Amino acid sequence: MKAVMAVVPPHILESRKKTGAHQYDEMWDGVLHMPPVPNFDHQNLESYLEGYLRKYWGKPNEAIVVHQINVASIGGWPKNYRIPDLVLVKPERFAINHNEYFEGAPNLVVEIHSLGDESYDKLPFYRDLGVDEVWIIHRDTKVPEIHALKRGPYKVLPANADGWIRSPATNLELKATDAAKLAIRITNDDSTREDLPDD
């Protein structure tokens, strides 16, 4: 259920601070968005995926893989930012790092989608920022989508005959397994494959 409040009562903001839920709050052009705290399945998938990306993409490329960081528009902090589940940044874009927030476009962001959330609503923000790729991974089925920035809106990349979708930004491939896990590997290198979450 979505709700709009002209003014958020102080006791609601205080309650979110006490529980830690406020760390997921986002500002969309000055409007506060307060998503629920991610559930166990969401956080578990995010954690395993972050570990994989650090090992197989971040370390070899001397790049950043970080979770739950504020990503702001140019000059937009703190009035216009989103918080992707994961953010990937190559060295040539390290200047966007302002510690508390990133100002400008990461190379790639990951959104783990659950029913009723705003993952798809964030795509225009990421497009306008110039984020090269957005991965949207469905939390319950682990079905991945790779949205690649072309001219105009994002284009959803197709899977190959074996069901793998290749990420041009990372040279990784993704697909959902029959066991509702996210399979990920370096392109055509099955020795690097992991099915996540790995538990």
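Here are the numbers for this structure:
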item: Residues located in region 186-199, provided they are touching a Phe, Trp or Tyr at 6+ places or on another chain (Cβ under 8 Å), in a strand (DSSP E or B) and farther than 15 Å from Val143 by Cβ; result: Ile186, Thr192, Glu194
item: Test for Ser73: is it of a type in the set (S, T, N, Q) and within 20 Å of Asp117 (Cα to Cα); result: no
item: Residues of region 30-70 satisfying the condition of being basic (Lys, Arg) and in a helix (DSSP H, G or I); result: Arg54, Lys55
item: Whichever residue in region 92-111 is acidic (Asp, Glu) and out of contact with any Asp or Glu (no Cβ under 7 Å at 6 or more places or on another chain) and, among such residues, is nearest to Ala169 (Cα to Cα); result: Glu92
item: Residue within region 147-167 that is of a type in the set (A, V, I, L, M), within 15 Å of Leu53 (Cβ to Cβ), modelled with pLDDT of 95 or more and within 18 Å of the chain's Cα centre (by Cα) present; result: no
item: Region 88-146: number of residues that are surrounded by fewer than 18 Cβ atoms within 10 Å (Cβ to Cβ), among the hydroxyl-bearing types (Ser, Thr, Tyr) and touching a residue at least 40 places away in the same chain (Cβ under 8 Å); result: 1
item: Failed criterion for Val8 (all others in (1) within 19 Å of the chain's Cα centre (by Cα); (2) loosely packed, with under 14 Cβ neighbours inside 10 Å; (3) hydrophobic (A, V, I, L, M, F, W, C) hold); result: (1)
item: Out of Asn61, Asn70, Asn39, sole residue that is more than 21 Å from Ile137 (Cα to Cα) and modelled with pLDDT of 95 or more; result: Asn61
item: Total residues in region 98-128, condition closer than 22 Å to Asn61 by Cβ and in contact with a strand residue (DSSP E or B) (Cβ under 7 Å, 6 or more places away or on another chain); result: 9
item: Tally, over region 51-86, of residues that are within 21 Å of Asp195 (Cβ to Cβ) and of a type in the set (Ser, Thr, Tyr); result: 2
item: Set Thr170, Thr192: member being more than 17 Å from Asn107 (Cβ to Cβ), hydroxyl-bearing (Ser, Thr, Tyr) and either surrounded by 15 or more Cβ atoms within 10 Å (Cβ to Cβ) or in contact with a Leu (Cβ under 6 Å, 6 or more places away or on another chain) (or both); result: Thr192
item: Selection within region 50-64 - touching a residue at least 12 places away in the same chain (Cβ under 8 Å), under 16 Å from Ala183 (Cα atoms) and of a type in the set (D, E, K, R); result: Glu50
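The values are calculated or read from the model by the stated rules, or taken from the named source; none is laboratory data. All figures in this text were calculated on a predicted structure; none of them were measured in a lab. Positions of Cβ are backbone-derived with ideal geometry, glycine not excepted, and every protein chain shown enters the neighbour counts.
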